[in-house]
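Asks: Got a structure here, written out as structure tokens. Questions coming.
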Amino acid sequence: MLRSQELPDCFYQNKPTLICPNAPTPNHSLYLSNLDDQKFLRFSIKYLYLFRKAVALDILKYSLSKVLVHYYPLAGRLTTCSLDDHKLQIDCNAEGAVFADAFMDITCDEFLQFSRKPNRSWRKLLYKVEVHSFLQIPPLVVQVTNLSCGGMILCTAINHCICDGIGTSQFLHAWAHVITKPKIDITVLPFNSRHVLKPRNPPQITHTHLGYTKTTLKDNYTHVDINQYLQSQPLVPTSFTFTPLHVLRLKRQCVPSLKCTTFEALSSHTWRSWVRSLDLSPSSLKVKLLFSVNVRKKLIPELPDGYYGNGFVLGCAETAVKDLVTANLHHGINLIQRAKSGLNDGYVRSLIDLLEDKNVITDTCSSFVISQWAKLGLEDLDFGEGKPLHMGPLTSDIYCLFLPVVGNFDAVRVQVSVPECVVEKFEYYMMDGLDKEDNGEQTGFI
């Protein structure tokens, strides 16, 4: 029986192997768009899946080798361009994805007991590739950990410069498809080229891009760096599950009433709760909300079906602290809706051109960042032995995630790490007015 929140150690019987495409693939350098190789995205998206019944390792390895024929960039390696060492590209050399298998003396039910919030011991569930730089990390790292009950935990690390959330979901479902429907072609074939998002020559910056700033010496002295403050503090993961009932209560707090989506209401509420808990000063300080918006269908022409590169941009809402914390949700929702409404083809093309200047970076100094993982189908992944009991990130940090809830498509789990000294305040503001019971229905906060 697991007696603490710490996971036991993983036992590796075999050394990790490289899984290469099982058929010849194009050998070339693949251009990455300016949306792909932003410094803000130079990390791996790390997913954790818990399945009640394990899938045989040989089946997982063979199917991965087959799907990598289609998604061959994930079997390559990141490099810098010969003419510009700030620009990334993929060397599609079929070197292979890292695949590790391990055993852990824990059951599915024991893991579920404390799966609501990640802790540092979860990192044992993903093999750490010893490298000296981000570029040396293989784009795809997989670890399958078999459990004492016959279940398994699947962890994947997928390079964010190659895939966004939609792209990772597309790839994982293609991998599962090869196992569950081996005689049927993959439903959506990947579109590997990124040239559809090439910048114009010369660049045409026709829009204002509030979510970005230029790195100059002056900036270092004039910005209040909330991000730096947060990183210097002991951080604690927080997690809240919002059902449709909770969201309805949130929307009722918006006065005057405003037609809005679940994402808009939750984003405004979480942003406002975060700012209130941090007691930011002065009250005239400008704070931003950065949130991911899929622009595949907003471009002219639309991005091709199967495009799995970064097809999102960051919407940006900005306001003074005093205006956000003293007003109700209406203020934040209105700002978010206005930010979303401006994200058209012209805006995206202008941003791509702006990012030709490698001194332009995402302005995270005074920003709360939300990434949308819900509604991407991530929780529906099935390798033939049933859908996951749990799906979520391997780690938690200061960037907020809106996560799917297994078994409840309309619910959203909000997860973010905040400084230990403000956890109680943040939880209070997140639950204020929502943790009551209506008609015998229990709230979902955890």
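The values are calculated or read from the model by the stated rules, or taken from the named source; none is laboratory data. None of the values given here were measured: they were computed from a predicted structure. Note that we place each Cβ from the backbone using ideal geometry, even for glycine, and neighbour counts take in every protein chain shown. To get the accessible areas, we keep the full protein, side chains included, count just its heavy atoms, and leave off ligands, DNA and RNA. Shrake-Rupley method; radii C 1.70, N 1.55, O 1.52, S 1.80 Å.
Asks: Over all Cα pairs of the range 335-416, how is the pair count split among 10 Å bins, expressed in % and running from 0 up to the last occupied bin?
Replies: Using 10 Å bins, I get a P(r) of 14, 31, 32, 19, 4 for the range 335-416.
Asks: I would also like to ask the following. List the lysines whose Cα lies under 18 Å from the Cα of residue 128, skipping any in the same chain that are fewer than 8 positions away.
Replies: Partners within reach: 15, 46.
Asks: Separate question: Using a 1.4 angstrom probe on heavy atoms only, work out the carbon and sulfur share of the accessible area of the range 11-197 in %. Could you put the intermediate results ahead of the total?
Replies: On the way: 4390 of 7960 Å².
Carbon and sulfur: 55 percent of the exposed surface of the range 11-197.
Asks: Any idea what the dipole of the range 11-197 comes to, in debye rounded to 20, about its Cα centre with Lys/Arg Cβ at +1 and Asp/Glu Cβ at -1?
Replies: Taking the Cα centre of the range 11-197 as origin, the dipole is about 420 debye.
Asks: Students sometimes get this wrong: rank 341, 169, 148 by accessible area, probe 1.4 Å, all chains present, largest first.
Replies: Details: 341 95, 169 5, 148 60 Å².
Sorted descending by solvent-accessible area, the residues read 341, 148, 169.
Asks: Multiplying the sequence separation of residue 382 and residue 27 by 0.36 nm and subtracting their Cα-Cα distance, what value in nm do you get?
Replies: Working: separation 355, 0.36 × 355 = 127.80 nm, distance 3.12 nm.
Residue separation times 0.36 nm, minus the Cα-Cα distance, leaves 124.7 nm.
Asks: Taking the alpha-carbon set of the range 91-224, what are its Rg and Dmax in Å?
Replies: Cα only, the range 91-224: 20.7, 61 Å (Rg, Dmax).
Asks: Further question on the same structure: For the range 391-436, what is Rg from Cα atoms divided by 2.2 N^0.38 Å, rounded to two decimals?
Replies: Details: Rg = 12.2 Å, N = 46, 2.2 N^0.38 = 9.4 Å.
My calculation over the Cα atoms of the range 391-436 gives 1.29.
Asks: Got the relative contact order for the chain handy, in percent, Cα pairs under 8 Å and 6 or more residues apart?
Replies: Numbers: 885 pairs, mean separation 98.9, N = 446.
22 percent.
Asks: Sticking with this one: May I ask which residue of 191, 97, 65 lies farthest towards the positive end of the charge dipole of the chain, with charges of +1 (Lys, Arg) and -1 (Asp, Glu) on Cβ and the Cα centre as origin?
Replies: 191
Asks: Kirkwood Rh, Cα Rg: Rg to Rh for the range 11-197?
Replies: Using only Cα positions, Rg/Rh for the range 11-197 is 0.97.
Asks: Please give the charge dipole size of the chain, origin at the Cα centre, charges +1 on K and R Cβ atoms and -1 on D and E Cβ atoms. Round to the nearest 20 debye.
Replies: 560
Asks: Given a Förster distance of 22 angstrom, what is the FRET efficiency for residue 56 paired with residue 188, based on the Cβ-Cβ distance and rounded to 0.05?
Replies: 0.30
Asks: Scan the range 37-98 for chymotrypsin sites (Phe, Trp or Tyr not before Pro) in coil per DSSP, keeping those whose Cβ has at most 16 other Cβ atoms within 10 Å, and list them by number.
Replies: Within the range 37-98, the qualifying chymotrypsin sites (Phe, Trp or Tyr not before Pro) (loop, at most 16 other Cβ atoms within 10 Å) are 43.
Asks: Sequence gap at least 6, Cα distance under 8 Å: using those rules, report the relative contact order of the range 1-133 to the nearest whole percent. Spell out each step's value before the answer.
Replies: Details: 156 pairs, mean separation 55.6, N = 133.
That works out to 42 percent.
Asks: Next up: For the chain, modelled as a GNM with alpha-carbon contacts under 10 angstrom, which of 86, 173, 269 fluctuates the most?
Replies: 86
Asks: Enter the accessible area per residue of the chain (Å², integer; probe 1.4 Å; all protein chains in place).
Replies: Each residue of the chain exposes 44 Å² on average to a 1.4 Å probe.
Asks: Please report, in debye to the nearest 20, how large the charge dipole of the range 212-431 is about its Cα centre when each Lys and Arg carries +1 at its beta carbon and each Asp and Glu carries -1 there.
Replies: Details: 22 positive and 22 negative charges, 157 e Å.
It comes to approximately 760 debye.
Asks: Relative contact order for the range 194-350: what is it in percent, counting Cα pairs under 8 Å that are at least 6 residues apart?
Replies: Contact order relative to length: 31 percent.
Asks: Okay, moving on. Here are labelled values, (1) 393; (2) 145; (3) 161, and one is the computed volume of the Cα convex hull per residue in Å³ for what I pasted. Which one?
Replies: Of the labelled values, this structure produces (3).
Asks: Note the full-extension length gain between residue 201 and residue 328 as 0.36 nm times their separation in residues minus their Cα-Cα distance, in nm to one decimal.
Replies: Values: separation 127, 0.36 × 127 = 45.72 nm, distance 4.48 nm.
Contour length minus Cα-Cα distance gives 41.2 nm.
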